[in-house]
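Report on the following structure.
The values are calculated or read from the model by the stated rules, or taken from the named source; none is laboratory data. Keep in mind that this is a model prediction, so the values were computed, not measured. Using ideal geometry, Cβ is built from the backbone for each residue, glycine included, and neighbour counts are taken over all protein chains shown. Only protein heavy atoms, including side chains, enter the accessible area calculation; ligands, DNA and RNA are left aside. Shrake-Rupley method; radii C 1.70, N 1.55, O 1.52, S 1.80 Å.
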Amino acid sequence: MEGGGETAVRCGEVDSACEALHLLQIDPSGSAEPRTGGAAPCSRNVLRKQKHWEKVIMAKKRKRTQERERRKAQQAEGRGTAGHHSKRVLKAIMKERLLEARESGPWLCVDLSMADRMTKKETSRLAAQIRRLYGANRRAEKPFWLCLTEFVVGSLIYEECFRMNDGFSNYLMGTTQESYLDLFPLDTVVYLTPDSENVLEDIDPKKVYILGGLVDESIHKKLTLQRARDQSLQTARLPIREYMVKTINTKNYHSETLAINQVFDVLSTYYETRSWPAALKAGVSSGKGYVLPDAVN
């Protein structure tokens, strides 16, 4: 009985070994060629697979070597190129610029007191515009300090900003449930509205500029202008009609109402270049029905 048990164990071990070789797609009964030195024979199939695997390993090693050389070359080029910085340095520079704007201005606030007048779709679009505005401001060489006023916790715009914008809680900007009326002296506030009779001629770092948090789909004629008048605030509009001309289009459509991120593109470009044509070209799309005179055929 003991001998029979040992035989059964050996047969089981052989069967297990054969099954393992089968899983590896190696034929245990395949012909083999003896290797030098008295080593156990190895099938041609195994040798072929081994050579293929060695080629794969060598190719990976060459690729890693090439990648290391490429990174070294980029680092060397970066050290020798003026103005080239690592991501960490660029992030530190961006943060320093934003904090400087918070201290010395100019400030740009998005007035969210009218957010309850919008549909959910419009609110989602406004949240997306806030994201684009913030991204453009981070990249600006001369940024504004941004602030969302009457940003009420639990409101729809509050929820949409956090839902749509990854890392929103880490945005380097101000958010408050208070009104800008409670934060700044009235004589420093300029409400930007396309319905104003006053043309914005320059950007004063000592001023606080307000954008109404409404999207293009909202049909609320002169709402922001009336709000500013009720609060005895100075108002201004972008000099679109002073520097641009109406262009012919099939819908005969012309509008000076821009999304808040488009208004910011105009303000930011002007603040850096001091050129209204360059600023308006950056923020006013041809779809608004206005172009610079030199763009007219």
How many residues does the stretch 151-179 contain that are farther than 22 Å from residue 138 by Cβ and either open to solvent by 80 Å² or more (accessible area, probe 1.4 Å) or of a type outside the set (Gly, Ala, Ser) (or both)? 6
Please verify whether residue 94 is modelled with pLDDT of 90 or more, touching a His at 6+ places or on another chain (Cβ under 8 Å) and either open to solvent by less than 100 Å² (accessible area, probe 1.4 Å) or not hydrophobic (A, V, I, L, M, F, W, C) (or both), treating the condition exactly as stated. no
Hits in the stretch 97-127 - residues which are in a helix (DSSP H, G or I), open to solvent by less than 60 Å² (accessible area, probe 1.4 Å), in contact with a helix residue (DSSP H, G or I) (Cβ under 8 Å, 6 or more places away or on another chain) and of a type outside the set (S, T, N, Q): 98, 115, 126, 127
At pLDDT below 95 and of a type in the set (Val, Ile, Thr) - does that describe any residue in the stretch 152-164? no
Could you grab me the full set of residues in the stretch 131-153 that are part of a helix (DSSP H, G or I), over 19 Å from residue 90 (Cα atoms) and more than 11 Å from the chain's Cα centre (by Cα)? none
If you go through 132, 139, the only one that is closer than 25 Å to residue 239 by Cβ and either of a type in the set (Asp, Glu) or surrounded by fewer than 14 Cβ atoms within 10 Å (Cβ to Cβ) (or both) is 139
Residues that are over 23 Å from residue 117 (Cβ atoms), open to solvent by 60 Å² or more (accessible area, probe 1.4 Å) and touching a Ser or Thr at 6+ places or on another chain (Cβ under 7 Å): list the strands (runs of 3 or more DSSP E) wholly contained in the stretch 181-297 that include at least 2 such residues. none
Among what's in the stretch 246-297 and is hydroxyl-bearing (Ser, Thr, Tyr) and at pLDDT 95 or above, pick the residue that is nearest to residue 127 (Cα to Cα). 268
